[in-house]
Structure formats: C-alpha cells, structure tokens
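Chemist: Below: one structure in structure tokens.
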Amino acid sequence: MPKARIVVVEDEPAIRRGVSDALRLTGYDVTEAPDGVIGFAEASGNGVDLVLLDVMLPKRDGLDVLAELRRVCPLRPVILLTARGSEEDRVRGLKMGADDYVVKPFSAKELLARVEAVLRRTMKPVPKWISIEVGTAIIDLDRREVRWPTAERIELSETEAAVLKHLIENRDRAVSREELLGRVWGIGTAGLETRAVDMHVARLRAKLKDPSGSDDTPEAIVTVRALGYMAGPGLVVREGK
Ligand code: CA
C-alpha cells in the first residue's frame, strides 16, 4: 500500500498543527490548509487519499467545500471535524457524502483510529495496467499514442491522454464533465468550460477509431446523458500485479 496523502483543512493553528503532527508521526504525508479556499484547492488536487475538513472555516464554509469537492471528486474520502453540539452540521455533512466525522475536542488516538478505518475502506492497491486496447490498436498512455497494426501511430495530446486515463481509472462508473474539468484541467467551477470537455472527448473519440476506415471498432467512450462520459466496451484493459 502506498503512503497515504492527507489534507488537513483547519483554521485554528493549534488544532491544525496538532492533527498534522500526529498524522506525520504515524507516517502519513500531510498538507495543511488554513481556510476554505486554500482547503478546496488542496483537497481537490491529484493524489489526495483523505481530507480532514473543519466545518467552521474562514473564506469558505466547510460544507460548501464538501459540496464542490463531491462534484469534482465524487469518491474522495472526507472526515469532518465538527464542534460539539453542532449535530445539524454533522447530519448535513454525512448526507452530502462525508465518510465520517469527529467531534472537537478529540484525542489524537481517536482521530487516528477514524483515519485508519476510512483509509482501510477506501484505499485499494492500484493494479498495474499491462495493456489497454481499442479494437486492434494498442493505447500507450505513457507515450501518449495509439498504435494500429498497420503501423500507423496516432499521437494523443496531454489533455486527451489525461481524460482517457481518468475515464479508465474510473471505468466502473460514469464521470461528469465537472469532474473531468476539475481533475484534468484543475478548474473548480462548472459553467461554459464544460464545452471544452466535449471538444476534447470528440477529438479523442476520432483518434480511437480505426484509421483504415473500417467501422467495426467498438465504442471506446460512451456518452452518459445529462451527466458526462464513461469508458465504453471498446476499451479493453488488462491488469496485472
Ligand atoms: Ca474552525
């Protein structure tokens, strides 16, 4: 199991430091954020395994951060740090998809136990992809190219490769345009830019079609109505240890 990366969003310096130190001592890789704006930016970044999120935050409320995080990274684990007596916040947070919560003041021991439990549930060892194929072609994401048996080699742009990689990593579910924007472009807000996603997917689809014009390459990317996209039956991923 790789070392887990945890983002701690908490405005109270003493609590933030105490929590972060306890996590670092336990061997986690910790990033600290003192308000909701920096908190969202850090929490939505790539490679984050868990977010500890205070609810009462300056600049941007913790539940607001949680709501947008759910749009951009629907499966990112979040533990809320809540004040005693704010049951309403906890219930709202859990309904919005928080994985767990701890009530202040908490002990390092209690927090670490919750962190461990959530990570045990959510961190899977990442299987290595041996190959990704579409029709008779081989997709090489490291080299950003699609190789056809006719020796034709089609280059993927960095963005196209990133979109494809995210769809393959999440091929058991549909991925929204907002999520792709957040994960590939790093943009936290929805809006007009979602059309950029459609444009890149259209180009990507064209590149995943047999260039000889034979029409029987199965669909590599499926459109999910009113939501976004999903890796289609045409993408065949072989995994190994
Ligand atoms: Ca606070």
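The values are calculated or read from the model by the stated rules, or taken from the named source; none is laboratory data. Since the model is a prediction, treat every value here as computed from it, not as a measurement. Because the Cβ atoms are built from the backbone with ideal geometry, glycine has one as well, and the counts that use them run over all protein chains shown. Side chains included, ligands, DNA and RNA excluded: accessible areas come from the protein's heavy atoms. Shrake-Rupley method; radii C 1.70, N 1.55, O 1.52, S 1.80 Å.
Chemist: Considering only the range 49-72, state which residues are open to solvent by 10 Å² or more (accessible area, probe 1.4 Å) and either of a type in the set (A, V, I, L, M, F, W, C) or in contact with a strand residue (DSSP E or B) (Cβ under 9 Å, 6 or more places away or on another chain) (or both).
Modeler: Within the range 49-72, D49, M56, L57, A67, R70, R71 meet the criteria.
Chemist: So which residues in the range 165-179 are part of a helix (DSSP H, G or I), crowded, with 16+ Cβ neighbours inside 10 Å and of a type outside the set (A, V, I, L, M, F, W, C), if there are any at all?
Modeler: Within the range 165-179, K165, H166, R177, E178, E179 qualify.
Chemist: Please verify whether the range 91-102 includes one or more residues that are under 26 Å from E178 (Cα atoms) and among the acidic types (D, E).
Modeler: Yes.
Chemist: Residues in the range 1-12 that are open to solvent by 60 Å² or more (accessible area, probe 1.4 Å) and within 16 Å of the ligand (Cβ to nearest atom): how many?
Modeler: Selection size over the range 1-12: 1.
Chemist: Let me ask you something else. Please verify whether the range 93-101 includes one or more residues that are within 21 Å of the chain's Cα centre (by Cα), within 16 Å of the ligand (Cβ to nearest atom) and either part of a helix (DSSP H, G or I) or closer than 18 Å to Y28 by Cα (or both).
Modeler: There is at least one residue in the range 93-101 that is within 21 Å of the chain's Cα centre (by Cα), within 16 Å of the ligand (Cβ to nearest atom) and either part of a helix (DSSP H, G or I) or closer than 18 Å to Y28 by Cα (or both).
Chemist: When you look at A202, is it within 19 Å of V146 (Cα to Cα), surrounded by fewer than 12 Cβ atoms within 10 Å (Cβ to Cβ) and modelled with pLDDT of 85 or more, yes or no?
Modeler: Yes; evaluated as a whole, the condition is true for this residue.
Chemist: Looking at A151, A162, which is the one that is outside the structural domain of E68 (by TED's automatic domain parsing) and part of a helix (DSSP H, G or I)?
Modeler: Sole residue among the options that is outside the structural domain of E68 (by TED's automatic domain parsing) and part of a helix (DSSP H, G or I): A162.
Chemist: Quick check: anything in the range 53-72 more than 12 Å from the ligand (Cβ to nearest atom) and either within 14 Å of R5 (Cβ to Cβ) or assigned by TED's automatic domain parsing to the domain that holds A162 (or both)?
Modeler: No.
Chemist: Tell me, please, whether a residue that is part of a helix (DSSP H, G or I) and more than 15 Å from the ligand (Cβ to nearest atom) can be found in the range 25-37.
Modeler: Looking for residues that are part of a helix (DSSP H, G or I) and more than 15 Å from the ligand (Cβ to nearest atom), one finds at least one in the range 25-37, hence yes.
Chemist: Out of T194, T189, T150, I need the residue that is within 22 Å of V7 (Cβ to Cβ), at pLDDT below 95 and among the β-branched types (V, I, T). Which one? Steps first, please.
Modeler: Values: T194 fails: within 22 Å of V7 (Cβ to Cβ); T150 fails: within 22 Å of V7 (Cβ to Cβ).
After ruling out the rest, the residue left standing is T189.
Chemist: Scan the range 144-154 residue by residue and report those that are of a type outside the set (G, A, S), open to solvent by 40 Å² or more (accessible area, probe 1.4 Å) and farther than 24 Å from E179 by Cα.
Modeler: Answer for the range 144-154, where residues must be of a type outside the set (G, A, S), open to solvent by 40 Å² or more (accessible area, probe 1.4 Å) and farther than 24 Å from E179 by Cα: R147, P149, T150, E152, R153.
Chemist: Could you tell me whether the range 9-20 includes any residue that is assigned to a loop (DSSP other than H, G, I, E, B) and in contact (Cβ under 8 Å) with a residue 60 or more places away in the chain?
Modeler: The answer is yes, given that some residue of the range 9-20 is assigned to a loop (DSSP other than H, G, I, E, B) and in contact (Cβ under 8 Å) with a residue 60 or more places away in the chain.
Chemist: Right, something else. I want to confirm something. Restricting to the range 73-89 and keeping residues that are surrounded by fewer than 17 Cβ atoms within 10 Å (Cβ to Cβ) and either within 12 Å of the ligand (Cβ to nearest atom) or among the basic types (K, R) (or both), which single residue is modelled with the highest pLDDT?
Modeler: A83
Chemist: How many residues does the range 13-24 hold that are among the aliphatic types (A, V, I, L, M) and either within 13 Å of the ligand (Cβ to nearest atom) or at positive phi (or both)?
Modeler: Here the count works out to 3.
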